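**Student:** Input: one structure, supplied below.
The values are calculated or read from the model by the stated rules, or taken from the named source; none is laboratory data. What you see is a predicted model, and the numbers here were worked out from it, not measured in a lab. Note that each Cβ is placed from the backbone with ideal geometry, even for glycine, and that neighbours are counted across all protein chains shown.
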Amino acid sequence: MMLSLMLISNLGFSQNNTKTMDAFTVQVDGLGCPFCAYGLEKKFKELSGMKKPNIDMETGIFTFEFPSLEKLSIQAVQEQVEKAGYTPIQVEITRSSGEVERSEKQEAQQHNLKGEMQQISFKVEGNCGMCKARIEKAANTVNGVYNAHWDENTKLLKVQVTKNTSTQKEIEYAVTKVGHNTENSTSSDTVYESLPPCCKYRK
């Protein structure tokens, strides 16, 4: 009887152990419609074991769980997003052990480069979560930028940059190139008209 209980207990422990999952949060650029979301999810289903996929169309945030024993890496996630035809902006993994892993730029942001950073802030026109993802991605492409945050309510873009590298002019130029006016520069009509309807901010 005791042996049977031990076997059942060990079996239950083994089953629970194999079900231990890591949690993934991925910000993806380029998701413009439900069909895009379907294509991204379908590509990730090629990775056997994915559970609880969820995509927020407004923010471009894709979350899912994956068996911790597989140890799915940040690089593998980024490659899978690119195979689906989209751009990975940020990846964060919360391992079942509680350890948190972030993509390279996020890690630099966490360390804050110990006083070697300065903040630049200015107004950027936009409407929604898709605008937010687009604006922040554009700012993050500028050399020396380690964190860009755009507030949908205040329209204020706050950027952390390495001192003596990026200038506000360079960041504003990058943002206007993707269709968003800033307090000192205006995007071209052609680029603006290519934005999705929900992102049209001009009156």
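**Student:** Are there any pairs with C-beta distances below 9 angstrom linking a residue in segment 33-48 that is in the same structural domain as PHE62 (by TED's automatic domain parsing) to a residue that is in a helix (DSSP H, G or I) and of a type in the set (Lys, Arg), with the two at least 6 apart or on different chains, and if so which?
**Tutor:** Listed by first residue and then by second, the contacts come to LYS43/LYS83; GLU46/LYS83.
**Student:** Something else now. In segment 60-81, which residue that is in contact with a strand residue (DSSP E or B) (Cβ under 7 Å, 6 or more places away or on another chain) and not in a strand (DSSP E or B) is nearest to LYS132 (Cα to Cα)? Break it down into steps so the answer makes sense when it comes.
**Tutor:** Of the residues in segment 60-81, the ones in contact with a strand residue (DSSP E or B) (Cβ under 7 Å, 6 or more places away or on another chain) are 60-68, 72, 74, 77-78, 81.
Pick out the ones that are also not in a strand (DSSP E or B) and you get 60, 68, 72, 74, 77-78, 81.
Details: GLY60: 10, SER68: 31, LEU72: 28, ILE74: 23, VAL77: 22, GLN78: 20, VAL81: 19 Å.
Among residues in segment 60-81 that are in contact with a strand residue (DSSP E or B) (Cβ under 7 Å, 6 or more places away or on another chain) and not in a strand (DSSP E or B), the one nearest to LYS132 (Cα to Cα) is GLY60.
**Student:** Got a number for residues in segment 108-143 being surrounded by 16 or more Cβ atoms within 10 Å (Cβ to Cβ), of a type in the set (Gly, Ala, Ser) and modelled with pLDDT under 85?
**Tutor:** Selection size over segment 108-143: 3.
**Student:** Within segment 173-190, is even one residue exposed (fewer than 14 other Cβ atoms within 10 Å of the Cβ) and within 19 Å of LEU31 (Cα to Cα)?
**Tutor:** no
**Student:** Answer yes or no: is there a residue in segment 165-172 that is under 21 Å from GLN90 (Cα atoms) and in a strand (DSSP E or B).
**Tutor:** No; the residues of segment 165-172 include none that is under 21 Å from GLN90 (Cα atoms) and in a strand (DSSP E or B).
**Student:** In this structure, does ASN153 turn out to be polar (S, T, N, Q), under 15 Å from GLY129 (Cα atoms) and outside any helix (DSSP H, G or I)? Even if it seems obvious, please write down each step before you answer.
**Tutor:** Details: polar (S, T, N, Q): yes; under 15 Å from GLY129 (Cα atoms): yes; outside any helix (DSSP H, G or I): yes.
Criteria met by ASN153.
**Student:** Going through segment 44-77 one residue at a time, which ones are buried (at least 18 other Cβ atoms within 10 Å of the Cβ) and closer than 28 Å to CYS199 by Cα?
**Tutor:** PHE44, ILE55, GLY60, ILE61, PHE62, PHE64, VAL77
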